[in-house]
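Step one of this worksheet: look at the structure below.
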Amino acid sequence: MRPDEARSAILGGTAPDDLLVDGNLSFAPYGRGKSVPPLTHLPNNLHVRELQLDSCGDLRALPRGLVCERLHIAHSALTWLPSDLQASYMLSLHDCYYLRALPHRLKTRRLTLHRCQRITRLPPAMQVTNSLCVTQCESLEYLPSQLKLQILDISGSTKIIALPSDLEVSRRISARGCTRLELVPPLSTDELDLQGCIFLLELPDGLQVCNLNVAGCTSLERWPSTGFPKLRRLNMQGCTRLRGLPPGLRRIDELDLRGCDGLQDMPERLRVTGYLDIGGLNWSGLPLSSSGFRLRWNGVPISGRVLFHPESITVEDILTEENVEVRRMMLERMGYQRFFQSANAQPRHQDTDPGGVRQLLVVPIPGDEQLVCLSVQDPSTGRRYLIRVPPWMRDCREAAAWIAGFDSSDDYHPVVET
Amino acid sequence: MLWRQGDVLIESIEAIPPEAELREGSPILAYGEATGHSHRVEAPEKAQVWVLYGQLYLKLLETATVVHDEHGPITLPAGAYRVWQQREYTPQDVHAIRD
């Protein structure tokens, strides 16, 4: 049966059992005409290529004998799934708050559970062969053993304490924000993301990764004695307890050391080929052997002169820099006070906005029109920006409205600013 | 109604102009060339981005959230929106802020 015919028959309650649909079926409340009834049941032994059930709150159970390649269920009131369910390519469950368990013998290529808050464990006998994503499932405590996958994502599943000792994941593991994770086995994978795993004290000897993200792992105290021979990218932003880089590290593409206060300097023999970010570090320089990479300060490209010799930054350097992020960072390095003093800036007006105090500053430039800038603090990041406005701006409100594209401050009233 | 997320402004409008063209790809509203951060709709399936003479329009098929790595999220109801970036003055021209 054609999908549109099948859909009408199912919603009308006239669909027979053993229905074969030649295509995909989708049921969702939005976009449905008022005269169309809600989905309350599906026929037994329904065969369909892809089935989407989004916000079908009146559907209390899936039928027996459901066979599909892809099954997506979101915002559902289902409490269980039938044991004979077949979703050979993908089973995706989003915000299925009442679902307590999955079928014992579930077999699929890709399994996704997102915010399924009552799932405490996955079936030991299930077979997922490609990717397993169990994100923000805050009751999930354990992963089954004998998992062999390409991708594993357990980000935000905050009750998981350990990854299984026999876990095999070839491409990528993300455990971002797994705040109770303490144990990672000595596995081998291309990419390992452990950002925000604040209980993690150490990583095991024998762990092999190409890309490693341990940003925000504030308890991490030591590296494996074996180091990471294949490491190409390392993000250890905010790992304040680490006193050095992984042992044996000689060459790396990208290295993010933002806020690693325990690091005193760069090893003499380390070669970085891509970028090095040393935002927030109070280093006076880099080894003479360091060259050929892009230097960053908190994600913003920066020159060695600006970074290590801020006293050499001039007002002209800042005023001629076109990129607002680079200019902001140059201002930070130079210091606002010195900039405005050096530039002989005068405040024309001052008030407050959601970011805090803002000022309309005027810098007289001999032989040219006045430089007028609005100095504002970003309400989300707390960073201070300096944005140039036309010299005829009279106050901060008028300048902020102009920056937003309005010629009159009466027209500019944002309801939310982040 | 008007919202601001960093240097991106979003204003609700009645409808997207009929002459606008649908932009293929993910619903990224603006991209920071220095930081690599983007303003984007968290659930791509809920959003369409339309363009007319360089002006960006956003169509949300249902309630969705505009996210950014550094700025707070903004949740918007289904509807049509005009999206643009803050501007900056130079004596030579007025241009969108580059970040």
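The values are calculated or read from the model by the stated rules, or taken from the named source; none is laboratory data. As the structure is a prediction and not an experimental result, all values here were calculated from the model. Quick reminder, even Gly has a Cβ in these numbers, built from the backbone with ideal geometry, and neighbours come from all protein chains shown. Side chains included, ligands, DNA and RNA excluded: accessible areas come from the protein's heavy atoms. Shrake-Rupley method; radii C 1.70, N 1.55, O 1.52, S 1.80 Å.
How much of the DSSP beta bridge set in the protein assembly as shown is antiparallel, as a percent to the nearest 5? Taking every DSSP beta bridge within the protein assembly as shown, about 45 percent pair in antiparallel fashion. The lysines within cross-link reach of residue B:59, meaning a Cα-to-Cα straight distance under 21 Å and a gap of 8 or more places when in the same chain, are B:46. Which of A:126, A:334, A:393 moves most in a GNM of chain A, Cα contacts under 10 Å? Result for chain A, Cα springs under 10 Å: A:393 fluctuates most.
The figure for residue B:61 is an accessible area of roughly 80 square angstrom, using a 1.4 Å probe on the protein chains alone. In chain A, the DSSP-assigned H stretches of four residues or longer account for a calculated mean residue ellipticity at 222 nm of -3000 deg cm²/dmol, using -39500 (n - 2.57) per stretch and the full residue count as denominator.
Heavy atoms of the protein chains alone define the surface here; on that basis chain A has 47 Å² accessible area per residue at 1.4 Å probe size.
Note on the stretch A:1-134: Cα-Cα pairs beyond 24 Å make up 24% of the total pair count.
Ratio of Rg to Rh for the stretch A:133-249: 0.93 [Cα atoms; Kirkwood radius as inverse mean 1/r over pairs]. Could you please report the charge total around residue A:311, scoring K, R as +1 and D, E as -1 over all other residues with beta-carbon less than 11 angstrom from its beta-carbon? Charge balance near residue A:311 sits at +3. When peptides A:165-171, B:26-32 are ranked by their average number of other Cβ atoms within 10 Å per residue, the highest-first order is B:26-32, A:165-171. When the Cα positions of A:179, A:292, A:225 are compared along the charge dipole of the stretch A:141-301, A:292 comes out farthest toward the positive end, with charges on each C-beta of Lys, Arg, Asp and Glu. Sum up the charges of everything whose Cβ sits under 9 Å from the Cβ of residue A:334, counting Lys and Arg as +1 and Asp and Glu as -1, but leave residue A:334 out. Charge balance near residue A:334 sits at -1. Annotation for the A:B interface, with buried accessible surface near 2700 Å², both sides summed [1.4 Å probe; non-protein components not counted].
Reported value for the stretch A:207-338: 110 Å³ per residue, from the convex hull of its C-alpha atoms. About its Cα centre, the dipole of the stretch A:141-301 is roughly 360 debye, where the only charges are +1 on Lys and Arg Cβ and -1 on Asp and Glu Cβ. Over the C-alpha atoms of the stretch A:329-418, the Rg to Rh ratio, Rh being the Kirkwood estimate, stands at 0.97. Dividing the radius of gyration of the alpha carbons in chain A by their Kirkwood radius gives 1.10 for Rg/Rh. Return the tail of the calculated pair distribution for the stretch A:4-83, meaning the percent of Cα-Cα pairs more than 18 Å apart. Value for the stretch A:4-83: 34 percent of Cα pairs lie more than 18 Å apart.
Diffusion coefficient of the stretch A:57-204 by Stokes-Einstein, Kirkwood radius over Cα pairs, 25 °C, 0.890 mPa s: 159 µm²/s. Under conditions of 25 °C and 0.890 mPa s, the stretch B:28-99 yields 185 µm² s⁻¹ as its translational diffusion coefficient, taking Rh as the Kirkwood radius over Cα pairs in the Stokes-Einstein equation.
With Cα atoms as the point set, the radius of gyration and Dmax of the stretch A:117-182 evaluate to 10.7, 29 Å. Solvent-accessible area assigned to carbon and sulfur over the stretch A:1-134 amounts to 48 percent, based on a 1.4 Å probe. Per residue of peptide A:375-388, the mean number of Cβ atoms on other chains within 10 Å of the residue Cβ is 3.
With a 10 Å cut-off around each Cβ of B:68-81, the average count of Cβ atoms from other chains is 2. When only the Cβ of Lys, Arg, Asp and Glu is charged (+1, +1, -1, -1), the dipole of chain A relative to its Cα centre reaches about 1160 debye. Using 0.36 nm per residue and subtracting the Cα-Cα separation, the extra length available between residue A:383 and residue A:44 on full extension is 116.1 nm. Excluding same-chain neighbours fewer than eight residues apart, the aspartates and glutamates reachable from residue A:148 by a Cα-Cα span under 13 Å are A:166, A:168.
Other residues lying with their Cβ under 10 Å from the Cβ of residue A:277 contribute a combined charge of +1, Lys and Arg counting +1, Asp and Glu -1. Return the percentage of antiparallel bridges among DSSP beta bridges fully within the stretch A:274-413, rounded to the nearest 5 %. Percent antiparallel among DSSP bridges in the stretch A:274-413 is about 85. Shielding value for A:312-325 is 2, the average number of Cβ atoms from other chains within 10 Å of each residue's Cβ.
Take the Kirkwood radius over Cα pairs of the stretch A:282-394, plug it into Stokes-Einstein at 25 °C and 0.890 mPa s, and you get 160 µm²/s for translational diffusion.
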